[in-house]
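Written out below as structure tokens is the structure these notes cover.
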């Protein structure tokens, strides 16, 4: 493992953490290169999500990762290697987990979703999983004030949908459904996400495009979100950048950028290589993308997608990446 030097008095170090197959964790403290190691507990080796937040009992900052079979592990400093992480603990009895995020409201809450089940961590412990009448949850986001959203699909249909919670993930209800059905297998082999920044919710759905809208009290409102960019591509990931900038990417490596708070979109430079992207994140001027390839599988842009450079080859497929910033 690489040795990391910390300079006293320079402020907090930006840390990027990515997770992948074969229990692989990659980290960077310079946004230019990554070091890798394997999680010590190999109960489930496909690490599919990573997020930064706080311990809901102590309030100390921490990282949380989730696996494909919905196990979780937490650690305070991923730079310190495998010994930093707790043992894996299964929270939802389902596979194909992708959605995990922390919300910094009150004492804080972690929300984890897999398929049609969702659970949360408050006061230092996880609750029982709730079963919701929806399809497969693939993305989760919150506004920092107790409102949450899940990007999902209508149960047993290929219609994009969004579910909401107004009480920090304690209870959930349907918020919005799109009328077009994109096929019964829509949820099985597709990715879709939702993100929030500055009173703006933005979601991406494959074969449909990019949607913006609002989440509030009341019954389901199918007019609460509208499509702002139509795409037949496998649109999969969305993230907010600085000021009014947003970025989305599809599985064919196409990159889409908005500089007017998601109102209008244009294409940027496509991701290099031939591997499919698996996640997108932003922090401090840098956009990071992971891919399912084994070489050149962490890619960075520092100019809002005008150019891209591969900065790491981890040797295994990567699934998710995040920086040490609490979203939104």
message: Can you list residue pairs whose Cβ atoms sit under 6 Å apart, with the first residue in segment 68-96 being in a loop (DSSP other than H, G, I, E, B) and the second being modelled with pLDDT under 95 and surrounded by fewer than 20 Cβ atoms within 10 Å (Cβ to Cβ)? Count only pairs 6 or more apart in sequence or on different chains.
response: 81/1
- prompt: Residue check, residue 223 against (1) under 26 Å from residue 167 (Cα atoms); (2) surrounded by 14 or more Cβ atoms within 10 Å (Cβ to Cβ); (3) free of Cβ contacts under 8 Å to residues at least 40 places away in the same chain, all met but one. Which one?
  reply: (2)
field: Failed item, numbered, when residue 163 is tested on (1) touching a residue at least 40 places away in the same chain (Cβ under 8 Å); (2) under 18 Å from the mean Cα position of the chain (by Cα)
entry: (1)
- prompt: Among the residues of segment 137-179 satisfying the criterion of being out of contact with any strand residue (DSSP E or B) (no Cβ under 8 Å at 6 or more places or on another chain) and exposed (fewer than 14 other Cβ atoms within 10 Å of the Cβ), which is nearest to residue 214 (Cα to Cα)?
  reply: 145
task: Would you check which residues across segment 75-92 are surrounded by fewer than 17 Cβ atoms within 10 Å (Cβ to Cβ) and closer than 27 Å to residue 107 by Cβ and list them?
output: 76, 77, 80, 86, 87, 89, 90
field: Boolean, residue 121 is part of a loop (DSSP other than H, G, I, E, B), over 21 Å from residue 201 (Cβ atoms) and modelled with pLDDT of 95 or more
entry: no
task: Could you please find all residues in segment 300-324 being within 20 Å of residue 266 (Cβ to Cβ) and in contact with a strand residue (DSSP E or B) (Cβ under 7 Å, 6 or more places away or on another chain)?
output: 301, 302, 304, 305, 307, 308
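Every residue, every condition in (1) out of contact with any strand residue (DSSP E or B) (no Cβ under 8 Å at 6 or more places or on another chain); (2) under 25 Å from residue 130 (Cα atoms); (3) surrounded by fewer than 21 Cβ atoms within 10 Å (Cβ to Cβ), yes or no:
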site: 189; (1), (2), (3): yes, yes, yes
site: 193; (1), (2), (3): no, yes, no
site: 210; (1), (2), (3): no, no, no
site: 243; (1), (2), (3): yes, no, yes
site: 250; (1), (2), (3): no, no, no
site: 253; (1), (2), (3): no, no, yes
site: 258; (1), (2), (3): no, no, no
- request: Six or more apart or on different chains, Cβ under 6 Å: which pairs go from a residue in segment 102-114 that's within 14 Å of residue 74 (Cα to Cα) to one that's modelled with pLDDT under 95? Could you list them?
  value: none
field: Odd one out for residue 127, checked against (1) more than 30 Å from residue 158 (Cβ to Cβ); (2) without any contact (Cβ under 8 Å) to a residue 24 or more places away in the chain; (3) surrounded by 17 or more Cβ atoms within 10 Å (Cβ to Cβ)
entry: (3)
task: Check every one of the strands (runs of 3 or more DSSP E) wholly within segment 211-328 and list those with 1 or more residues that are closer than 24 Å to residue 46 by Cβ and modelled with pLDDT of 95 or more.
output: 235-240, 246-250, 277-283, 286-291, 298-301, 309-312, 318-323
message: Looking at the structure I just gave you, is residue 139 modelled with pLDDT under 95 and within 26 Å of residue 20 (Cα to Cα)?
response: no
task: Look through segment 199-208, keep the residues that are touching a strand residue (DSSP E or B) at 6+ places or on another chain (Cβ under 8 Å) and within 22 Å of residue 143 (Cα to Cα), and return whichever of them is surrounded by the fewest Cβ atoms within 10 Å (Cβ to Cβ).
output: 200
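The values are calculated or read from the model by the stated rules, or taken from the named source; none is laboratory data. Computed from a predicted structure; not experimentally measured. Glycine also receives a Cβ, built like all others from the backbone with ideal geometry; neighbour counts cover every protein chain displayed.
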